[in-house]
Amino acid sequence: MVFASNEGNSEVGVQVGEQLYLGLDFGTSGARFALIDKGGTIHAQGKREYPLYKRKETMDWVRSWKQTLFLLLEDVPFHLRQIIASISIDGTSATTMIIDSTTGEPLWRPFLYNESCSDALPVVKSIAPENHTVCSGSSTLCKLVSWWNNVDSNKESAALLHQADWLLWLLHGNLGVTDYNNALKVGYDPELDSYPPWLLSQPYSQLLPSVKAPGTPIGVLKEDIRTQYGFAKDCAVCTGTTDSIAAFLAARATKPGKAVTSLGSTLAIKLLSTSRVDDARYGVYSHRLDDKWLVGGASNTGGSVLLRIFTDEQLGNLSEQINPMKTSPLDYYPLPTVGERFPMADPKMAPRLHPRPESDVEYLHGILESIARIEGKAYSLLKDLGATQVEEVFTAGGGAKNEKWTKIRERVLGLPVSRAIQTEAAYGAALLALKGAQQCAQ
C-alpha cells in the first residue's frame, strides 16, 4: 500500500530554493517515509508492507528490507527528489546484523528485535556491570555473543551493524558506522561517548562499529543510486536512531519535563530529563538525546486489557457517557496476565479488575482512571529515581484518540495532557535528516 500526500491531500507548495528532508522508518511489519521542509510541514509520505521472501524455510528479511528501501525511494514524488538535502533512517531496536566488513554482505541471518539469545546471557552477565541494559536475552550484545560462540567460520572479516546502519550503508557506502541510540544495547556508554573497557577487552569487540550522534552526516548518496532515482548530487546521508526514539522526536517534545505517553497495547512513557536514570529492576533506562536524556519505562497495563473486555465500538460508545471530571471510586490494576515491571516491579502481581459494577460505563470509567493512576505512579517513580519532574504530557497510540480518557488523565496527573500532532517514527527520522543538513550548512 502506497500513498504520497500531505495532510488533507492538497498540494503543499515548495518555495523556490527550498530544501526538503527525507526520513525512513523500518518498523516491525512495514516501512514508511516522510518528507518535510525546515518548518516541519509534510510534503509527501508513504508506506510499504514488507514483501514476503522465503529462504529455505525462514523469512529472508535482508532481501525484504533492501527491496522495501528502494521501493520507498521510488515512492517519493519524482519532482521533489532533486531538492532533498538529506536522508536518515530509523530501525527496530536491537535488530542485529553480522556482515562481511569488506563487502557488507550478511554472514548470518539477522537477529530480530524481539529475539532472545538466552544462551549468551550467563556470559554477558559475567562481564557487564550488574543490572546493565545489555543483561537481557534480547540485547544486541547477547546476540553478538551467541553468534560468536556458535559459529566456527572465519570471524576476522565479520562486523556488527544494526538494521538502520545497514540500510543507511546501502545509501552511502561507508561501512562500520552506527549511532549512540542503536549502540546502547550492545554496551556503548553514551555518557562517556565510548565503549567501556569491560567490553573492549572481549575478543568480539573487533566487530563493533564506530559511533556517532544521531543525525550526523556520514557521506553523500552513492552516485549510482543518485542517478537512478534523480536525487541531488550533494544529498547527505545521516546516522539514524531506533524506531521508538524517532517516534518520540516526532512529538517535538524538546524541553526537559516534556513527556510522551504511548497508549497502545501497553502503557509506555518517555520523559526528557537533564539527568540520566537507569534501573533494571523496573526496566527503566535512558537514551542520550544531545545534552539531555530520554528516560523510559513500560507497564504491562494498557489497551490490550481494554480489548479483552470491550469491543472498539463499545469503548467509543461507553466513553461518550463518562463524566471525566468525576473521580471513580473503583480501584483496579488492569493487567493482561500475571506480572508487572513498571512502576511496580512484581512478577507475581495478579490483575485486579473486580468488583465489576452493573454499569459498563462505570466499569470502563474505573479501568481508564486506574490506568491513569498507574501512569501517574510511573512519572512519580522516574522523579524518585532522579529524573526531571514531568510538566507536560503528549499522547501517542490508539488511546490518544479517546478525549474523555485524556480529560481523566489530565485530572489524575494534574498536568496538561494533549494528543501529539505527529507520532510517526518516519517524521522523527526526517527531523534527524534536517538536523544533519543543518550541520552540513555550518
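What the table shows:
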read-out	value
Helix 61-75 vs. the chain, principal-axis angle (Cα, 0 to 90°, nearest 10)	90 degrees
Using a Förster distance of 22 Å, the FRET efficiency for Asn149-Glu105 (Cβ separation, nearest 0.05)	0.50
Point-charge dipole on Cβ atoms (K/R +1, D/E -1) for the range 228-306, about Cα centre, debye to 20	180 debye
Cα-based Rg / Dmax (Å) for the range 306-385	13.6, 40
Exposed-site-free run, longest, the chain (rule: GluC sites (Glu not before Pro); DSSP loop; at most 14 other C-beta within 10 Å)	192-357
Translational diffusion of the chain, µm² s⁻¹ [Kirkwood Rh, Cα pairs; Stokes-Einstein; 20 °C; 1.002 mPa s]	93 µm²/s
Cleavage-rule hits (trypsin sites (Lys or Arg not before Pro)) in the range 197-253: DSSP loop, at most 10 neighbouring Cβ within 10 angstrom	Lys233
The range 310-417: trypsin sites (Lys or Arg not before Pro) in DSSP loop, at most 10 other beta carbons within 10 Å	Lys348
Zone residues, the range 143-179, relative to Val123, backbone N less than 19 Å from point 7 Å out along Cα-to-Cβ	143-162
Computed helical MRE - 222 nm, the chain, DSSP H runs ≥ 4 contributing -39500 (n - 2.57), nearest 500	-9000 deg cm²/dmol
Inter-label distance for Glu391 and Lys255, nm, one decimal - labels placed 7 Å from Cα along Cα-to-Cβ	0.4 nm
Per-residue ³J(HN,Hα) for the range 305-311, Karplus 6.51 cos²θ - 1.76 cosθ + 1.60, θ = phi - 60°, Hz, x for Gly and Pro	5, 4, 6, 7, 10, 10, 7
Net charge, Gly339 excluded, C-beta distance under 9 Å - Lys, Arg +1, Asp, Glu -1	0
The chain, relative contact order in percent, only Cα pairs under 8 angstrom and at least six apart counted	17 percent
Three-way shape call for the range 139-227 based on the alpha-carbon gyration tensor, with the a/c threshold at 1.5	oblate
Euclidean distance between Cα centres, the range 54-100 to the range 311-347, Å	38 Å
Top of Asn300, Asn154, Asn317 by mean-square fluctuation, Gaussian network on the chain, Cα under 10 Å	Asn154
Calculated FRET efficiency for the pair Thr337/Thr311, C-beta based, R₀ 22 Å, to 0.05	0.60
Relative contact order [Cα under 8 Å, 6+ residues apart], the range 313-419, whole percent	29 percent
Highest-fluctuation residue, Thr311, Thr301, Thr241 considered, GNM on the chain with Cα pairs under 10 Å	Thr311
Euclidean distance between Cα centres, the range 355-384 to the range 234-251, Å	33 Å
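Read the figures in this text as sums done on the coordinates, not as results from a lab. Predicted model, so just to flag it, every value in this text is computed and none were measured. No Cβ is skipped: glycine too gets one built from the backbone with ideal geometry, and neighbour counts run over all protein chains shown.
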